[in-house]
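Take a look at the structure set out below.
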Amino acid sequence: MHIQLQGLLTPRSSTEGHRILDSALGWEARLTEVRKDLKGGLRELGDLRRQYEALSAGSATENTKPTDIQEHLRMLESEERLEREKLQDRIRQLQKENLKLTERIIELQGEVQDLNMLQSDLRTAVSVAERFREEAQQKLEICERENQRLRSKG
């Protein structure tokens with residue numbers, strides 16, 4: 001992704017391109033952190049599930065009453081459901097952020113294309129101006145020579 005983004009944003013020495021690249025890299029780092037958090041949450045969810053399954057399989061201690069086990073299982077299920085909902089909310093939030101970032105990258109690509117077109121137009125204008133300057137310089141030299149010739153005739 002870095003190489004593709006750098007390829008898009010390196011129209012010569014554009015300071016805007018560097019700012020855009022830094023922003024995109026920052027977002028990518030943030031997404032990486034969120035992925036790590038999600039993986040940690042999924043691991044915890046798996047641990048809770050294993051505890052739940054162990055309790056469901058009857059590995060409870062002898063002192064535990066059946067009602068206590070059922071209550072504990074309900075509590076674990078509730079915690080698991082809450083954790084799952086939190087993770088799903090976070091996933092939806094990340095998907096929205098991803099969509100916004102994708103839209104922003106598309107906008108930036110359009111801006112880069114516009115900048116490239118402007119740069120091309122500017123090069124053309126400079127080239128035309130240079131030709132006009134050269135023609136004017138040649139006409140001035142011709143006029144100066146004619147002027148000197150006329151003065152010498154006197």
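Could you pull out every one of the lysines with an alpha carbon less than 19 Å from that of K86, ignoring same-chain neighbours closer than 8 positions?
Answer for K86, where 19 Å is the Cα cut-off: K36, K39, K96, listed by chain and number.
Residue by residue, what Karplus-based ³J(HN,Hα) values in Hz, rounded to whole numbers, does segment 117-133 have, using 6.51, -1.76 and 1.60 with θ = phi - 60° and x for Gly and Pro?
5, 4, 4, 5, 4, 5, 4, 4, 4, 5, 4, 5, 4, 5, 4, 4, 4
Among Q113, L42, L99, whose Cα sits farthest toward the positive end of the charge dipole of segment 18-124 (+1 at Cβ of Lys/Arg, -1 at Cβ of Asp/Glu, about the Cα centre)?
The residue sitting farthest along the positive end of the dipole is Q113.
Bear in mind these aren't lab numbers, they're just calculated from the coordinates by the rules spelled out. This one's a predicted model, so the numbers in the text were calculated from it and none came from an experiment. Positions of Cβ are generated from backbone atoms using ideal geometry, with glycine treated the same way; all protein chains shown enter the neighbour counts.
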